[in-house]
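One structure is given below, encoded as structure tokens.
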Amino acid sequence: MTSAPPVVTGAIPVNVQNTVQVELPRVAHSGPRETAPPQPQSASAAPVIPGRASTSAQVARAEAGEQWISRLLRGGAMCSGGLFLASLALESLPQSETVHVAIDVLRKGAASALLVTPVVRLVVAGTTLGIRGEWKYALYAAGVLGLLALAVGAGLHA
């Protein structure tokens with residue numbers, strides 16, 4: 001059994017093998033018949049599905065987008081955690097109105113950073129998807145951002 005060449009789908013090569021072998025009955029011909037034997041495909045020629053092949057530049061952009069998103073999530077979590085730890089450290093100071101205001105501002109900042117981080121991640125993801133040409137998912141990201149803006153706007157007027 002020979003293995004078929006890999007099929008490229010998106011950025012993931014898939015090895016497709018034909019596991020069914022069919023034996024065709026031989027038909028006796030009255031005259032001499034000259035036919036060339038079938039030539040096997042070369043191993044380097046992988047069939048490509050039209051419109052789905054990725055170039056190395058597209059793969060590099062996708063990886064760069066994923067790195068930006070991971071940095072963003074890490075940075076947001078570290079920022080939020082740092083602000084919260086700073087508010088805890090301020091509790092060891094003598095109690096005064098200035099200390100209470102600083103603690104309140106730090107805790108609200110920590111909560112805001114924790115809540116805004118996923119929204120910014122959605123903006124970055126939608127942008128990188130649009131750059132890669134995946135308009136369907138970029139529109140989904142824009143729709144979710146629009147719904148969030150609508151919900152926040154409706155909540156402010158209530």
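The values are calculated or read from the model by the stated rules, or taken from the named source; none is laboratory data. Remember, it's a predicted structure, so these values are computed and weren't measured experimentally. Cβ placement follows ideal geometry from the backbone for every residue including glycine, while neighbour counts extend to all protein chains displayed. Note: areas computed on protein heavy atoms with side chains; ligands, DNA, RNA excluded. Shrake-Rupley method; radii C 1.70, N 1.55, O 1.52, S 1.80 Å.
Answer yes or no as to whether Leu83 is outside any helix (DSSP H, G or I), of a type outside the set (Lys, Arg), open to solvent by less than 100 Å² (accessible area, probe 1.4 Å) and free of Cβ contacts under 8 Å to residues at least 40 places away in the same chain.
No.
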Any residue in segment 129-136 that is open to solvent by less than 80 Å² (accessible area, probe 1.4 Å) and either more than 29 Å from Arg71 (Cβ to Cβ) or modelled with pLDDT of 90 or more (or both)?
no
So Arg33, is it modelled with pLDDT under 60, of a type in the set (Lys, Arg) and either out of contact with any Asp or Glu (no Cβ under 9 Å at 6 or more places or on another chain) or surrounded by 11 or more Cβ atoms within 10 Å (Cβ to Cβ) (or both)
yes
When segment 86-99 is examined, which residues are found to be open to solvent by 100 Å² or more (accessible area, probe 1.4 Å) and assigned to a helix (DSSP H, G or I)?
Glu97, Thr98
Need pairs with beta-carbon distance below 7 Å; first residue without any contact (Cβ under 8 Å) to a residue 24 or more places away in the chain and within segment 122-135, second open to solvent by 40 Å² or more (accessible area, probe 1.4 Å) and of a type in the set (Gly, Ala, Ser); sequence gap 6+ or separate chains.
Gly126/Ala142
Which residues, counting only those in segment 67-85, are among the charged types (D, E, K, R) and closer than 14 Å to Ala125 by Cβ?
Arg71
